[in-house]
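Trainee: A single structure is presented below for examination.
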Amino acid sequence: MASGAAGLAHPARRRVRVVHPAAAQTRSAEDWWWDRLAPSGSGYHLLQSDSMLLVLPGPGPARLRAQRRAARQARRLRSPGSRAVEAKPSSAPAPTPLQEPDPGWGDRVPLEILLQIFGLLVAADGPIPFLGRAARVCRRWNEAASQPALWHTLTLSPPLAGRPAKSGAKAEKKLLSSLERLMPNRFSQLQRLTLIHWKSQVHPVLKLVSESCPRLTFLKLSDCHGVTPDALIMIAKACPQLHSLDIQHSMVKSTAVVSFLEEAGPRMRKLWLTYNPQTTAILGALLGSCCPQLQVLEVSTGLNQNITPFQLPIEALQKGCPQLQVLRLLNLTWLPKPSGRAMTPGPGFPSLEELCLASSTCNFVSNEVLGRLLHGSPHLRLLDLRGCARITPAGLHDLPCQELEQLYLGLYGMSDRLTLAKEGSPLLTRKWCHSLRELDLSGQGFSEKDLEQALAAFSGTLGCSQLALCSLNLRGTRVTPSTVSSVISSCPGLLYLNLESCRCLPRGLKQAYRCPEEVQWCLEQLLTSLPSPS
């Protein structure tokens, strides 16, 4: 009982010792409690008794330093004559208040300013990969990068394009799962979409686009396989503003394109096709006036020339697409449908501004065919007839256009086996010297005198006071040094001059000059090489 009574002694009778960490001078066996519960300098009180140990918060090191500083000031006040103490610097600097970490300037920029900055970057380089990386910077940048207004143009290509089919299909599925998450939130204002190298998941992607992108206006499928009629019809119905379709170099059946044109034809503005034996069905739909508002039509074969020429009814195309502004038949071997003696001329293309019939081999375009195409096109600005060796300067001179700016008549790799015209080039330059900005006569067989007379039109002696010529290609022609120096001196805005393989020029100058400084250097060399007048 005595021992029990002693163990239950009244708390008031217990001996309690208060230990402050600043006052502790010796360490005992019990000091390990302090090491565990109150590290040095933490500002805790340690209360110890016979049977318990308490740790209470103390004033802390900042408060202790303040107390010591107040005591030193009091001593200086008591002994004002002591200058040594007054001048002695304090041993410890004054504590600075704790500050929260700076989140960075990105969080302080207003959202409207971020949107303008991001918009400039997206306009220059596209939304990917910039917006994806910017979204990881901070919450403010994530909010700005997620705005649908920035995602108006998008190009999607599987990252493993060109790898084995199994890896490519896996990459397409992975990208598709990301699109399923992003499209409903970010792509609601998407206007231009390009899909490249999609082999197996084209239909699911187009389905997502039809569900989430009602403002789509342009769709391009490049090197895509498995494009079905249902997918194109679904896009045409779900996107009422879609007016441009580019399916060049993709495996798309003609029935799918015809079905698409039947649904979206009245609003179509631009169409890009790759020629194949099934293209005639698509052209038949165009001739049937399914796209009366079409403004751009391009049909190309890429690097492969079509072997079997196809017939193009020019007059029927003029009636089916009366609003056409750009017509490109690139690297095609085609024949115009015979007009017949009693056939009346077609309506022409009154709005046509660009005609490209360039080909890597000789084609069947003649003066008569060119006249049927352009007899009603007074606003033509660009005429590309590279490879059209049957066209003569007389046929070009009869065209109704008076403000032609770009004329390409180059013959590349075919002039050696053709009988070319020796004269007539002055008919071209005298008619369009006031408006021509780019002229390509490479490979033509005009004589030295004929070229001299033609290029003299740019010297200003024929009333052309304001010359716009900035690009001149004379590769492989018989131009002379005096003619070249006269052209350079008369055209201060000349930025490009090609003199490769010009047999009449001295060695060292038969090259291409691609800036004003190089063109002026050529002029200096020509002037030094010319014989001085006697």
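Trainee: Accessible area per residue for region 210-325 in Å², computed with a 1.4 Å probe and the full protein assembly in place, what is it?
Mentor: For region 210-325, the solvent-accessible area averages 42 Å² per residue.
Trainee: Moving on. May I ask which of LYS220/LYS253; LYS237/LYS337; LYS173/LYS220; LYS174/LYS207 have a Cα-Cα span longer than 24 Å here?
Mentor: Beyond 24 Å: LYS237/LYS337.
Trainee: Per residue, what accessible area does region 347-504 have, given a 1.4 Å probe and all protein chains present, in Å²?
Mentor: 40 Å²
Trainee: For a quick check of your reading of the filter: which trypsin sites (Lys or Arg not before Pro) in region 482-534 sit in a DSSP loop and have no more than 10 other Cβ atoms within 10 Å?
Mentor: Within region 482-534, the qualifying trypsin sites (Lys or Arg not before Pro) (loop, at most 10 other Cβ atoms within 10 Å) are ARG503, ARG507.
Trainee: With each pseudo-label sitting 7 Å past Cα toward Cβ, what's the THR255-THR280 distance in nm, one decimal?
Mentor: Using points 7 Å along Cα→Cβ, the separation is 1.8 nm.
Trainee: What does the charge count near ASN142 come to, summing +1 for each Lys or Arg and -1 for each Asp or Glu among other residues with Cβ under 15 Å from its Cβ? List each step's numbers first, then the result.
Mentor: Numbers: positive: ARG133, ARG136, ARG139, ARG140, ARG181, ARG186; negative: ASP107, GLU143.
Combined, the nearby Lys, Arg, Asp and Glu give +4.
Trainee: Then there is this: So how much slack lies between SER447 and CYS515, counting 0.36 nm per residue of separation and subtracting their Cα-Cα distance, in nm?
Mentor: Here the segment from SER447 to CYS515 would lengthen by 21.7 nm.
Trainee: Compute the length gained on full extension between LYS173 and CYS504: take 0.36 nm times their separation in residues and subtract their Cα-Cα distance, giving the result in nm to one decimal.
Mentor: 113.0 nm
Trainee: Moving on to the next point. Near LEU273, within a Cβ-to-Cβ distance under 9 Å, what is the net charge of the other residues, with Lys and Arg +1 and Asp and Glu -1?
Mentor: Local charge sum for LEU273: -2.
Trainee: Right, another one. Check cross-link reach from LYS449 to the lysines: straight Cα distance under 20 Å, and skip same-chain residues fewer than eight apart.
Mentor: Within the straight-line limit of under 20 Å, LYS449 reaches these lysines: LYS422, LYS431, LYS510.
Trainee: Quote to one decimal, in nm, the extra length available between VAL137 and THR194 on full extension: 0.36 nm per residue of separation minus the C-alpha distance between them.
Mentor: Roughly 17.8 nm would be gained on extension.
Trainee: Could you give the nm distance between label points at ASP398 and TYR412, where each point is 7 Å from its Cα heading toward the beta carbon?
Mentor: 3.0 nm
Trainee: Return a whole-number percent for the relative contact order of region 351-396, with Cα pairs under 8 Å and 6 or more residues apart as the contact set.
Mentor: Relative contact order comes out at 58 percent.
Trainee: Give me the three principal axis extents of region 184-250 from the C-alpha atoms, as integers in angstrom, largest value leading.
Mentor: Result for region 184-250: principal-axis Cα extents of 27, 21, 20 Å.
Trainee: Starting from the 7 Å offset along Cα-to-Cβ, what nm value, one decimal, do you get for the label separation of LYS337 and VAL109?
Mentor: Here the modelled spin labels are 5.9 nm apart.
The values are calculated or read from the model by the stated rules, or taken from the named source; none is laboratory data. Predicted model, so just to flag it, every value in this text is computed and none were measured. Note that we place each Cβ from the backbone using ideal geometry, even for glycine, and neighbour counts take in every protein chain shown. For accessibility, only protein heavy atoms count, side chains too; no ligands or nucleic acids. Shrake-Rupley method; radii C 1.70, N 1.55, O 1.52, S 1.80 Å.
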